[in-house]
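Student: Handing you this structure, nothing more for now.
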Amino acid sequence: MTALPFDNSYARLPERFYARRPPTPVAGPRLIRLNRALAEELDLDADWLAGPDGVAALAGNTSPEGADPIAAAYAGHQFGQFVPQLGDGRAVLLGEVIDRTGIRRDIQLKGSGPTPFSRRGDGRAALGPVLREYLVSEAMAALGIPTTRALAAIATGEPVIRETVLPGAVLTRVAASHIRVGTFQFFAARGDVEALRALADHVVARHYPATAQAANPYRALLDAVIAAQAELVARWLLVGFVHGVMNTDNMAVAGETIDYGPCAFLDAYDPRTVFSSIDQGGRYAYGQQPRIALWNLTRFAETLLPLLAEAETEAVAEAEAALAGYAQRFEDAYHGGLARKLGLGTVREGDPALAGDLLGRMAENQADFTLTFRALCGAAEGPAGDGAVRDLFVDPTAYDAWATGWRARLADEARDPVETAAAMRAVNPAFIPRNHQVEVMIAAAVERDDFGPFEVLLSVLAHPYADQPENARYAQAPEGGGVGYRTFCGT
Ligand code: AMP
Ligand code: MG
């Protein structure tokens, strides 16, 4: 068996789907980290990957046997503006492997040199954004949220020029696929219905095989993608995640979180929170994400019109009916999740209002999102736990007034309080990638070549729902609720 047993289905699609292009070698490759648990999941030989041949392959210095490196073509709406050609400008898909559960997974190098889609970019990635993506995507996976994964990070030994000179790195990203809403838009914009059909058939077979049996498989595909995105965005909101750049080229049709550029987690709860320095209008603010997902899905539905029905009016009716299902799907996932966060096993009338009331009080009182829900787990065991929650509110009585109604509702559930608290701890993480900790980690690596903080954070975030008293400081909120924290796109 070869170390990377590739089977490249995307490269078997028509030539206009991609550009064949090997990665560009780097001067001094050095393994920063290999994700051995993920290698195992993918049925890959971790020792080979960590050895000289593996590192050379992960750096893009050699092409491993069976690889067929391609840069994928795609388009996309960036902040609402359509760009007909984007594409992998600094990434290549090495190939696909079948994991231990039989799922096909992409193995992509990000930061692997210029491609025909690079435009004015250098095709490279800086170390800081590579570590951020590695850490945050792995944290999301540990939280149980669908996401691309990080298999390895390699230092290139080459500088990349940004506003300053920075060390370069290559990330090995693993995804169910890298097919985006923007991939469909690329062909739709060119009126290439044949390619759209081939792409849709590929996605059906690969990600949503059950839809192939439907009377109208393309309608079923649209429904399935809408459902997956509605659930994904609900999951983001439930952990305080702000993606930051929900352009249609950053929305994967398989329903995984992808493209960890300016993303960040809320500290103090405020739905208007925007971290990205380029998101001046707040288009991708925390609380806007459900709306934006629907906007993106509407663009996706438009690309499918030629496949949905022969007659255009009929196709539009199919698309509209599918999109009309989004709101309910999202509400169910979001309110179901909020109820679980509050220790409620079922959603009853009044529960969304109860949760909404708490969130409103948290926003008014600058309460830390993650700490509040985690502290509520203790309060579910009895009023002795109230102090820890109250302390998180500027005006602690804002919590008291709410807690009375919550306790009354919990009593209806007639569940043992200890059991309730345990169920709550399984959905309310103690540990998220705290922005101030991520910055400390990046500074240590970039300025001092010190990857200690990266390793520590990774190991803490691998068990986000465990108490880990010895790591309590990684659960703490920053001074001042993290107000004013800014992130930058990962270029
Ligand atoms: P992103 O903001 O990472 O989603 O990237 C948007 C587009 O810009 C994609 O087509 C990327 O491939 C491209 N891009 C981003 N950074 C670079 C870079 N350093 N060199 C070439 N292309 C890039
Ligand atoms: Mg992108």
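Student: Taking 0.36 nm per intervening residue step and subtracting the Cα-Cα distance, what contour gain separates ALA324 from PHE488 on full extension?
Tutor: 55.6 nm
Student: So which GluC sites (Glu not before Pro) in the stretch 333-409 are both in a DSSP loop and have at most 12 other Cβ atoms within 10 Å of their Cβ?
Tutor: For GluC sites (Glu not before Pro) across the stretch 333-409 that sit outside H, G, I, E and B with at most 12 neighbouring Cβ atoms in 10 Å, the list reads GLU349.
Student: Taking the Cβ of each residue in THR397, THR172 as the centre, tally the other Cβ atoms inside 10 Å and list the residues starting with the fewest.
Tutor: THR397, THR172
Student: Could I ask something else about it? When each pair of different Cα atoms in the stretch 370-491 is counted once in the 1/r mean, what is the Kirkwood radius in angstroms, to one decimal?
Tutor: So the Kirkwood estimate lands at 16.4 Å.
Student: Tell me the label-point distance for the pair TRP295, ILE103, using the 7 Å Cα-to-Cβ offset, in nm and rounded to one decimal.
Tutor: The two pseudo-label positions are separated by 2.9 nm.
Student: At each listed q (0.09, 0.12, 0.13 Å⁻¹), what is the log10 of I(q)/I(0) that the Debye formula gives for the chain modelled as equal alpha-carbon point scatterers?
Tutor: Once normalised to I(0) and log-transformed, intensities are -0.63, -1.11, -1.27.
Student: In the chain, if the dipole is taken from +1 on Lys/Arg beta carbons and -1 on Asp/Glu beta carbons about the Cα centre, which of LEU266, PRO114, GLY480 is farthest to the positive end?
Tutor: The one lying farthest along the dipole's positive direction is PRO114.
Student: If you don't mind, there's one more thing I want to ask. Alpha carbons only, please: Rg and Dmax for the stretch 10-178, in angstrom.
Tutor: Cα only, the stretch 10-178: 15.4, 45 Å (Rg, Dmax).
Student: Return LEU461, LEU94, LEU410 ranked ascending by Cβ neighbour count within 10 Å, so the fewest neighbours appear first.
Tutor: With the sparsest Cβ surroundings first, the list reads LEU410, LEU461, LEU94.
Student: Can I ask one more? Treat the count of other C-beta atoms within 10 Å as a stand-in for reagent exposure and order ILE103, ILE32 from fewest to most.
Tutor: Ascending Cβ contact count within 10 Å gives the list ILE103, ILE32.
Student: Expressed in nm to one decimal, what extension gain is obtained for the pair ARG16 and THR164 from 0.36 nm per residue of sequence separation less their Cα-Cα distance?
Tutor: Details: separation 148, 0.36 × 148 = 53.28 nm, distance 3.65 nm.
Taking ARG16 through THR164 to full extension adds about 49.6 nm, to one decimal.
Student: Roughly how far apart, in whole Å, are the Cα centres of the stretch 106-149 and the stretch 222-268?
Tutor: Taking the Cα centre of each part, the stretch 106-149 and the stretch 222-268 sit 15 Å apart.
Student: Assuming R0 = 60 Å, can you tell me the calculated FRET efficiency for the pair GLU331 and ALA27, based on Cβ-Cβ distance, to the nearest 0.05?
Tutor: Taking R0 as 60 Å, the efficiency between GLU331 and ALA27 is 0.70.
Student: How high is the FRET efficiency between ALA462 and ALA317 when r is their beta carbon distance and R₀ equals 45 Å, given to the nearest 0.05?
Tutor: The computed FRET efficiency comes out at 0.45.
Student: From the P(r) of the stretch 182-334, can you give the percent of Cα pairs sitting at distances over 23 Å? Intermediate values should be presented prior to the final figure.
Tutor: Details: 4320 of 11628 pairs.
Summing the P(r) of the stretch 182-334 above 23 Å gives 37 percent of all pairs.
Student: Further, regarding this structure: Okay, helix-only estimate at 222 nm for the chain: each DSSP H run of n ≥ 4 adds -39500 (n - 2.57), divide by all residues, round to 500 deg cm²/dmol; what do you get? Could you put the intermediate results ahead of the total?
Tutor: Details: 17 runs with 212 residues, N = 491.
Theoretical 222 nm ellipticity from helices: -13500 deg cm²/dmol.
Student: About the Cα centre of the chain, how large is the charge dipole given +1 on each Lys and Arg Cβ and -1 on each Asp and Glu Cβ? Please answer in debye to the nearest 20.
Tutor: Using only the charged Cβ atoms, the result is roughly 820 debye.
Student: Projecting each Cα onto the charge dipole of the chain (Lys/Arg +1, Asp/Glu -1 at the beta carbon, about the Cα centre), which of VAL83, GLY350, TYR218 comes out farthest on the positive side?
Tutor: Projecting each Cα onto the dipole axis, the largest value belongs to VAL83.
Student: Okay, moving on. If I take R0 = 45 Å and measure r between the Cβ atoms of ILE278 and ALA414 in this structure, what FRET efficiency does the formula 1/(1 + (r/R0)^6) give, to the nearest 0.05?
Tutor: After rounding to 0.05, the efficiency reads 0.35.
Student: Output ³J(HN,Hα) for the stretch 208-224: one whole-Hz value per residue in order, computed from phi by the Karplus curve 6.51 cos²θ - 1.76 cosθ + 1.60 with θ = phi - 60°, and x for Gly and Pro.
Tutor: 9, x, 4, 5, 4, 7, 5, 4, 10, x, 6, 5, 5, 4, 4, 4, 5
Student: Nothing charged except the Cβ atoms of Lys and Arg (+1) and of Asp and Glu (-1): what's the magnitude of the dipole of the stretch 10-178 about its Cα centre? Round to the nearest 20 debye.
Tutor: Values: 19 positive and 18 negative charges, 117 e Å.
Roughly 560 debye for the stretch 10-178.
Student: Right, something else. Put +1 on the Cβ of every Lys and Arg and -1 on every Asp and Glu Cβ in the chain; which of ALA408, ALA227, PRO396 then has its Cα farthest towards the positive end of the dipole?
Tutor: ALA227
Student: Out of residues 5 or more away from THR147 or on other chains, whose amide H comes under 5 Å of its own, with H placed 1.01 Å from N in the peptide plane?
Tutor: Placed amide hydrogens put THR257 under 5 Å from THR147.
Computed from the coordinates by the stated procedures, all read-outs in this text should not be read as laboratory data. All figures in this text were calculated on a predicted structure; none of them were measured in a lab. Because the Cβ atoms are built from the backbone with ideal geometry, glycine has one as well, and the counts that use them run over all protein chains shown.
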